[in-house]
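Worksheet: one structure, shown below.
Every read-out reported here was derived from the displayed coordinates using simple, explicitly stated rules and does not represent laboratory data. All values reported here derive from a predicted model rather than from experimental measurement. Cβ atoms come from the backbone with ideal geometry, glycine included; neighbour counts cover every protein chain shown.
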Amino acid sequence: MKRKDIAVMARSPVISVALRILHRFTVLLVVGIFIIPAVWLLSISFKPPTEWQVFPPNLIPRSPTLDNYIVLFKPEAPKGTAAAMLRVTEPVTKSFLNSIIVVPAATAISVTVGFLAAYAVARFRIGGAFMPFFVLTTRMFPPVAFAVPLLVYYRWLRLIDTPIGLILIYAGFTLAFSLWMTKGFIEGVPRHIEEAAILDGASPWRVLFTITLPIVKGGLAATMLFVFILNWTEFLYALIFTSTKTITVPVQLSHYVGAVGRFYGPQAALGVIASIPVVILGYMIQRYLVTGFTFGLIRR
Amino acid sequence: MMRKIVVVSLVLGFIGFIVCAQSTPAERALAGLSSLMEKGVIKPGQTFKIMIHSGQRNQLAPAVEELSKLTGLNIQLVVIGNEPDIYVKVMNEAVVRTGEYDIFLTFCNWIGDMAEAGVIVPLDEWIAKYDPEIDHGPNRYVSPLDKFTTQYGGHYYALGMDNDALVLFYRKDLMEDPSEQAAFEARYGRPLKLPETWEEFDLITEFFDRPEQGMRGAHLYAERVFAYTSWAPRFIAKGGIYFDPYTMDPMINSPEGVAALEEIIFLVRNHMFPEAYTADWSAAYTLFPEGKVFWTIAWASLGHWASDPETSKIAGKVGFAQLPGEYHDGVLYRATPHVVGWSFSICRYGKAPEAAYLIAQYLNDPTVSAAAITRTGTLDPFRLNHFQDEKLLAAYGPELGPVLMLNAEQSFPDISLRGANEYLDVLNLNLQAAVAGQISAKEALDRVAIAWQEITDRLGRGRQIEAWQQEIKRYPKHIRELWVKLGKMDPHTAGLE
Amino acid sequence: MGTRGGALKAPSSQKLRGEEIMRKLVMIFKGFPQFLSHEKVFKNLLVLPMQLLLNFLLMPPFAIVIYLAFVNWQPIFGGWTEAPFVGVSNFIRLFSEARFYEALGRTLVIAIVAVALEFLLGLGLAVLFSRPFLGRRICTSVILYPMMLPWVVVGFTFYLLFLDHGPVNYVLSSLFGPAGMISWFRNPVPAITAIIIGDIWQWTPFMFLIFYSALGALPKDPKEAAMTLGANAWQIFRYITFPMIKPVAYVGLVIRALECFKIFDLVYIMTGGGPGVSTETLSLYIYRVAFKYGQLSYAAAVAIIVLLGIALVTRIAVRPLLKEAA
């Protein structure tokens, strides 16, 4: 268990330095442990098929290859027996394009709609105790059992294999997160700040957007990141509700399977590449995650 | 002048006769497609989509491109990665009927479910009209594949495109090594040779089990998805049958079934890596080419993989053999499981099913399919001419060809009834549980029997009995004769008279 | 506007009407923001998009689910609209199905253990990272990484790691000799342990993210005030910090628990539910019943019962969140 508070309290400078070193060491240890499976994944992505399940395992590939990455974009390019086997699907560009269109749109809709509703719920208790809970139940239902009924409905709406169709599904199914996560952050904002602004004559809209929103920026960023990740990595509904036009990256990833089983190399390579946009997004939002504030700034 | 006309007409007539008599399924398909186009049933540039598994794309893509050029149609391959997902998508199509797909390439034992769900159309009429040469002619399918990759309930529903009879792959260098042979004979009192019975198989496995050298005796499938492929050949060779032919009562917990399972459990416990039941089926493609096991039973594609120096440490040392069987009254009965096996079926809700059928027939043509199968992928040779095709045999290994054919001739199908997936999944999970030591062999098979009864009742026993009796007739002749000999059924039910 | 005498009435009657309309429009226009700011309108407008989306998207299919649960239908029987009504027999079948209860119990164990550990680890990590240090952003990115991978990839990464002849066993055998190797997928206990480890790796970042952003949004004043009063680190954490992040922490816990209960990919890829069904979770059971066996009616019944069960438990657990005024 790693419940450590930091050495801000230490009075003595010696203990302060020692604690700081301990802190850095713990951080490095934790980061090191966390990174191991990811490093293994990266290692697989540079290995030829004969090394994917070999024992004793080697971290550095014995015959490193870029084929796993190349085959994602140019299936015909790699040569050789092993490589010929990897020619199983079309290039990944289309699926990336689809993911880049569908996921941000769905995330934006989900977080916006959820945030607005969360404010109403948090401040005005609209829907009482029932409505927010009801929204949460959308996450309690096993998605598998919902797939075919939703498919039937979508057939009637003619939304199968369309970007709009997938966007709506992703937005709808992540609304519960958006609502509840932002609700939690909104409730962390002291009410008297908002009340002070109202007393000063601001409309509720202004309070929402100019007072509350900046304070919960971090929470919104975290919610947006999480919803983005859920949508970006979602597989089951992407598989069922698309056929050729709108397949996303996770579905494309499932294509790398063939005569000798799952192609770990290309799947690892695509997994790594697919995570890059998310990593960039995560890095960018970190700025928002640590804006503390003091009452002093708000007080007039 | 008159003589010239007579000669020319004779020659033309002769040529015409030759062309017609020797036209191929591909040519007939092309002729059919252009006739449909003339009638306006299909238009140039019309799109047809074939749902396939990713493992076949490399094989079919060039043929599909060629056909698109020849006909002016736009034929596309739609790839699905996980095989169970193909079943899901086909069944979803049965419900929502989008007409998105025209042709499905699926496991042949799903044909029952797909036909019952109404999502595929019977092909009897078109097969009679266009003749894809399934069961006659010099290029026909290897028998009995012609029956169980194409039919359900007495009708044709599919064109088989694959041969998934398993093959026994072994270390030829060790098997033929004189010092090994001497040691074996000294130990067991009989010569070391390819096994005819499973008992011999088990002995040889024990002999070559050398954990201290890092090599185990065998790798057989005992995992979550394919455990039944190790159990079933022993069960059938002993004279077992899945269901009673008259009442549909499960008979897998008969003494033959229990004995077969106990043999497997013993082998896994003592002479195999635990990967046999903890890893997925691709473990065979790692363990055997690494030289970590003496022999394994797997799909033909392993042959290529294990013989290529690029992918295998034992290239050049690989031998191919028939699966063993059992003796009954001095006669050897071998049985090989035919596991999976891909076949084309035609979607009812496509815009032009007849045209879709012709596309499938073209791809199924002896020459076109030979070229396709020569390329790397999951489809394996299934027509007689494939086994004479030099390029194809070179790709598989010339020695693999004849063995594969023999195994195919002795192969029996997966359960192909309605609810096939249910029956097989329940069987498989209990087999794996028994191998893992959670329950005894008898207990496991008893549970399967109970579960199977429930499934049969739920699906309607009468119809299952009918379908099962049809399926029995698709088993190879020698197995049916064995069943009659052992008194399991009368010759008429076995289709022997 | 006042009148300008009768002499101007005739030509300006039009003008007057125009002015009337203009006046009314201006009033509406000026009043519109007030209208919108009226509390009732405001709060309902905020909630409207969500209600539209959910009702439009989810209600009709849910009606179909309920319909399916009361009929006997599989795709191999024919059309779903012609299925025979069978009352509650799907539910009765469910209540006597041992496989369902076993899956349920197993899933509960996995969820409780995994979520508890993720909660503690996430909190600890967030506290560890709460003060700026050199390279914090990069380290945070590393910690967040596992949740950004497609789930299939996490699944097979851990499958390969825990193979009998995989890296984990290699490390174990180097440390403890060959006897130290564990056959992870051979029995349910080590298999579930491996699965939980995979889940912890994949989803601790979520709890970390929640706590990290919650801690980051805290006002500094109360802490500084307490410091000047002489409180030590632990007291500040326990009495000041933790209560302030409680609402967010609790939400994160509930959300994570709900999701973990539906764990699927890791199990499917690592063991397929095996050996036998000894690692089959609830989601995997429903998936198999629905998509492999094709029993969509029965699956609908199972799903409804699962929904009711989870809803009941969550309702009780979530009550403090619903009551708490900010």
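A few points about this structure:
- Modelled label positions at B:Q76 and A:I280, each set 7 Å beyond Cα in the direction of Cβ, lie 2.8 nm from each other.
- Neighbourhood net charge (12 Å Cβ-Cβ; Lys/Arg +1, Asp/Glu -1) for B:V96: +1
- Cβ-Cβ FRET estimate between C:N55 and C:E224, R0 fixed at 45 Å, reported to 0.05: 0.40
- Cα long-axis angle, helix B:57-71 against chain B (0 to 90 degrees, to the nearest 10): 10
- More than 13 angstrom apart: percent of Cα pairs within the stretch C:70-116: 67
- Reciprocal of mean inverse Cα separation for the stretch A:13-85 (Kirkwood radius, Å): 15.1
- Placed amide H near B:H338: partners under 5 Å, 5+ positions off or other chain: B:F412, B:D414
- When B:Y221, C:Y250 are arranged by Cβ crowding within 10 Å, least crowded first, meaning fewest neighbours, the order is C:Y250, B:Y221.
- Whole-percent P(r), the stretch B:117-161, all Cα pairs, 10 Å bins from 0: 27, 58, 13, 1.
- Kirkwood-Stokes translational diffusion coefficient of the stretch C:1-143, alpha-carbon pairs, 37 °C, 0.692 mPa s, µm²/s: 135
- Subtracting the Cα-Cα distance of B:D329 and B:K193 from their residue separation scaled by 0.36 nm leaves 46.8 nm.
- With Cα atoms, 0 to 90° folded angle of helix B:255-271 axis to chain B main axis: 70
- For chain A, lysine pairs separated by 8 or more sequence positions, or belonging to different chains, with Cα-Cα distances below 21 Å total 6.
- For B:K39, the aspartates and glutamates whose Cα falls under 15 Å of its own Cα, not counting residues fewer than eight places away in the same chain, are B:E354.
- Taking a Cβ cut-off of under 11 Å around A:V31, the surrounding Lys, Arg, Asp and Glu residues balance to a net charge of +2, with basic ones at +1 and acidic ones at -1.
- Helical contribution to [θ] at 222 nm, DSSP H n ≥ 4, -39,500 (n - 2.57), averaged over chain B, rounded to 500: -14500 deg cm²/dmol
- Computed over chain B, the convex hull of the alpha-carbon atoms projects to a mean area of 27.5 nm².
- Note that the protein assembly as shown shows a convex hull volume over its alpha carbon atoms of 234 Å³ per residue.
- Within straight-line reach of B:K292, meaning a Cα separation under 17 Å, sit the following lysines at least 8 residues removed in sequence or on another chain: B:K172, B:K313, B:K317.
- Cα lying deepest toward the dipole's positive end in chain C, options C:A116, C:Y287, C:F32, charges on Cβ: C:F32
- Residues B:R210, C:R315, C:R186 in ascending order of nearby Cβ atoms (within 10 Å, fewest first): B:R210, C:R315, C:R186.
- Local electrostatic count, A:K74, Cβ distance below 11 Å [Lys/Arg +1, Asp/Glu -1]: -2
- Degrees separating the helix B:178-188 axis from the principal Cα axis of chain B, which is the longest one: 60
- The A:T93 and A:I33 beta-carbon pair, evaluated with R₀ = 30 Å, returns a calculated FRET efficiency of approximately 0.25.
- For B:T149, C:T314, B:T286, the sequence from fewest to most other C-beta atoms within 10 Å is C:T314, B:T286, B:T149.
- At R0 = 41 Å, FRET efficiency that the Cβ-Cβ distance of B:F266 and A:T112 yields, to 0.05: 0.05
- Listed residues C:A111, C:A191, C:A225, most fluctuating in chain C (Gaussian network, C-alpha, under 10 Å): C:A225
- The value of relative contact order for the stretch C:123-267, using C-alpha pairs under 8 Å at least six residues apart, is 31 percent.
- Full extension of the segment from C:A179 to C:Y101, taken as 0.36 nm per residue of separation minus the current Cα-Cα distance, would add 24.6 nm.
- Here's how it looks for B:L168: its modeled amide H is under 5 Å from those of B:A321, B:L323, which are all 5 or more places away or on a different chain.
- Straight-distance crosslink candidates among lysines, where the alpha carbon sits under 30 Å from B:K147 and sequence neighbours closer than 8 are dropped: B:K49, B:K89, B:K129, B:K238, B:K351, B:K391, B:K473, B:K477, B:K485, B:K488, C:K292
- Contact order, relative form, for chain B: 24 percent (alpha carbon pairs under 8 Å, 6 or more residues apart, mean separation divided by residue count).
- Computed from backbone phi with θ = phi - 60° and the Karplus coefficients 6.51, -1.76 and 1.60, the 3J(HN,Hα) list for the stretch C:181-191 is 6, 10, 8, 5, 9, 7, 10, x, 5, x, 5 Hz; x is used for glycine and proline.
- From phi via Karplus (6.51, -1.76, 1.60), per-residue ³J(HN,Hα) for the stretch C:125-130 in Hz, x at Gly/Pro: 4, 5, 5, 4, 9, 6
- Over chain A: helical MRE at 222 nm, DSSP H runs n ≥ 4 each giving -39500 (n - 2.57), nearest 500: -21000 deg cm²/dmol
- The stretch B:330-410: trypsin sites (Lys or Arg not before Pro) falling in loop per DSSP and having at most 15 other Cβ within 10 Å: B:K351
- Amide hydrogen neighbours beyond the local backbone of B:Y156, cut-off 5 Å, H modeled: B:L123, B:D124
- Look at the dipole of chain A built from charges on Cβ: of A:S45, A:P78, A:L213, the Cα furthest out on the positive end belongs to A:L213.
- Cα-based radius of gyration of the stretch C:75-323 once divided by 2.2 N^0.38 Å, which approximates compact folds: 1.24
- Taking 0.36 nm per residue of sequence separation and removing the Cα-Cα distance, the C:Q34/C:L108 pair yields an extension gain of 21.5 nm.
- Using θ = phi - 60° and Karplus 6.51 cos²θ - 1.76 cosθ + 1.60, couplings along the stretch B:419-426 (whole Hz; Gly, Pro as x): x, 3, 4, 5, 4, 5, 5, 5
- Enclosing the Cα atoms of the stretch A:93-298 in their convex hull gives a volume equal to 140 cubic angstrom per residue.
- Across chain A, C-alpha contacts under 8 Å between residues 6 or more apart give a mean separation that, scaled by the residue count, equals a relative contact order of 25 percent.
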